[in-house]
Amino acid sequence: ALATPPLQISRARYDDPAAPGRLNLTLVHLGGVLAGDQYELNVAIGSGAEAVVAGAAATQIYTMSSGSACQQTVIRAAPDSTLCWMP
């Protein structure tokens, strides 16, 4: 996992007793979204893997009297994989 500020990712956790092999990651946004911000999220999961990627909280988007912000999300899931995307 790789993230650059203002985005962070929690350490990898395998803490679900019902699915001990499932990777759990939490995406954390430090601060809020301002005019001019551009975010690119790429999530890829390999064949046979199970993962949950969730957000820690709602993202704050501030008033933009001029300009705009953009977020692009690309998700790639290989065959026989399971990904729960819960931003």
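The values are calculated or read from the model by the stated rules, or taken from the named source; none is laboratory data. This is a predicted model, so every value here is computed, not measured. Note: ideal-geometry Cβ built from the backbone for every residue, glycine included; neighbour counts use all protein chains shown. Side chains are part of the model used for accessible areas, which takes the heavy atoms of the whole protein and leaves out ligands, DNA and RNA. Shrake-Rupley method; radii C 1.70, N 1.55, O 1.52, S 1.80 Å.
Here is the figure for region 45-73: residues that are modelled with pLDDT under 90, β-branched (Val, Ile, Thr) and part of a strand (DSSP E or B) total 1. Pairs linking a residue in region 1-26 that is in contact (Cβ under 8 Å) with a residue 12 or more places away in the chain and surrounded by 11 or more Cβ atoms within 10 Å (Cβ to Cβ) to a residue that is basic (Lys, Arg) and not in a loop (DSSP other than H, G, I, E, B), with Cβ atoms under 9 Å and 6 or more positions apart or on different chains, are Leu23/Arg13; Asn24/Arg13; Leu25/Arg13; Thr26/Arg13. Once region 51-87 is narrowed to residues that are of a type in the set (S, T, N, Q) and closer than 14 Å to Gly21 by Cα, the residue that is surrounded by the fewest Cβ atoms within 10 Å (Cβ to Cβ) is Thr82. Inside region 27-50, residues that are of a type in the set (Ser, Thr, Tyr) and open to solvent by less than 80 Å² (accessible area, probe 1.4 Å) make up a count of 1.
Val28 meets each of the listed conditions (1) at pLDDT 90 or above; (2) assigned to a strand (DSSP E or B) apart from (1).
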